[in-house]
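The values are calculated or read from the model by the stated rules, or taken from the named source; none is laboratory data. Note that the coordinates shown come from a computational prediction; the quantities given were computed from them, not determined experimentally. Every residue, glycine as well, gets a Cβ built from its backbone with ideal geometry; the counts of neighbours run over all protein chains shown. To get the accessible areas, we keep the full protein, side chains included, count just its heavy atoms, and leave off ligands, DNA and RNA. Shrake-Rupley method; radii C 1.70, N 1.55, O 1.52, S 1.80 Å.
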Amino acid sequence: MVLAELGGSISRAIQQMSNATIIDEKALNDCLNEITRALLQSDVQFKLVRDMQTNIKKIVNLDDLAAGHNKRKIIQQKGKPSVVMFVGLQGSGKTTTCTKYAYYHQKKGWKPALVCADTFRAGAFDQLKQNATKAKIPFYGSYMESDPVKISVEGVERFKKENCDLIIVDTSGRHKQEVALFEEMRQVAEATKPDLVIFVMDSSIGQAAFDQAQAFKQSVAVGAVIVTKMDGHAKGGGALSAVAATKSPVIFIGTGEHMDEFEVFDVKPFVSRLLG
Ligand code: GDP
């Protein structure tokens, strides 16, 4: 089997699984069997393929999946207010991605709004304000208030009153995983009750992705992943670890610094890039 065919078979298998509404044991096994067949036909060592299958099954907690990993939980409805909270380490591209996400949905007829609950990084509010103004998206934040919980609650309440249907809360990042950061995130989530928590990760973090994503997932109910800086050299393999750790799909990728350099995640080019 040539490489392009292999890529095609694997991406078909993953696509099939991602099309299933409920990802259960059967969907996972079907997907793994397809991938195994494709790898063996490409002369990949039998032991490697068998180990891969065992490892994936170990990572994916089938007890959780048995309860039905229903992807409908991440579908928001236009016209009905929903709160989306963004989390990730400082520098991952979180603030940039919040605006991209808002801008993308605005073009599709949504009424988004941005709330800056990042009181930790100096300049975070200015950055969000600048981006939001450029995209003509209403925003909320404060130069004086240092309590992220208070700001996020005020912002969410205000935009609910203004009938915004996609209220995006940007939270603080830190340089590394820290107890204080996770506690703050937990409090913001408890106060704003987000319909969706999106974990933003830099495509270049590589092997660190699993632990990082898992640490976030342990504090807040991450429901989706966005991988940034896919315009760089990194292949983005860490995204697979983040998916395994959070049991959540990658929904978008960032492909540049500009507002419209943002794409719906597509399995096929992603897999080609991993194999290429
Ligand atoms: P935050 O600390 O997580 O909020 O990160 P920022 O949103 O401030 O982004 C950090 C840097 O990464 C900024 O210089 C952004 O312009 C840049 N950035 C964000 N997303 C992308 C992307 O998809 N591609 C590239 N090339 N740069 C990005």
>> Given the options Glu162, Glu154, Glu145, name the one that is over 22 Å from the mean Cα position of the chain (by Cα), surrounded by fewer than 23 Cβ atoms within 10 Å (Cβ to Cβ) and farther than 14 Å from Val83 by Cα.
In response: Glu145
>> Considering only residues that are loosely packed, with under 14 Cβ neighbours inside 10 Å and of a type in the set (Val, Ile, Thr), which ones fall in segment 254-276?
In response: Val264
>> With the structure loaded, tell me whether Val188 is within 11 Å of the ligand (Cβ to nearest atom) and open to solvent by less than 10 Å² (accessible area, probe 1.4 Å) or whether it fails that test.
In response: no
> Tally time: how many residues in segment 156-185 are basic (Lys, Arg) and away from the ligand (no atom under 16 Å from the Cβ)?
Replying inline: 3
> Has segment 243-260 got at least one residue that is among the small types (Gly, Ala, Ser), away from the ligand (no atom under 16 Å from the Cβ), closer than 30 Å to Glu190 by Cα and not in a loop (DSSP other than H, G, I, E, B)?
Replying inline: yes
>> Out of the residues in segment 92-134 meeting the condition of being in contact with a strand residue (DSSP E or B) (Cβ under 9 Å, 6 or more places away or on another chain) and among the β-branched types (Val, Ile, Thr), tell me which one is farthest from the ligand (Cβ to nearest atom).
In response: Thr133
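Restricting to segment 195-220, give me the number of residues that are closer than 30 Å to Lys80 by Cβ and either within 15 Å of the ligand (Cβ to nearest atom) or of a type in the set (A, V, I, L, M) (or both). Quick ask: steps written out before the conclusion?
Initially, segment 195-220 is screened for residues closer than 30 Å to Lys80 by Cβ, giving 195-201, 213, 216-220.
If we keep only those that are either within 15 Å of the ligand (Cβ to nearest atom) or of a type in the set (A, V, I, L, M) (or both) too, we end up with 196-201, 213, 216, 220.
Of the residues in that region, 9 qualify.
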> When only residues in segment 221-235 that are more than 11 Å from the ligand (Cβ to nearest atom) and open to solvent by less than 10 Å² (accessible area, probe 1.4 Å) count, which is farthest from Ser82 (Cα to Cα)?
Replying inline: Val225
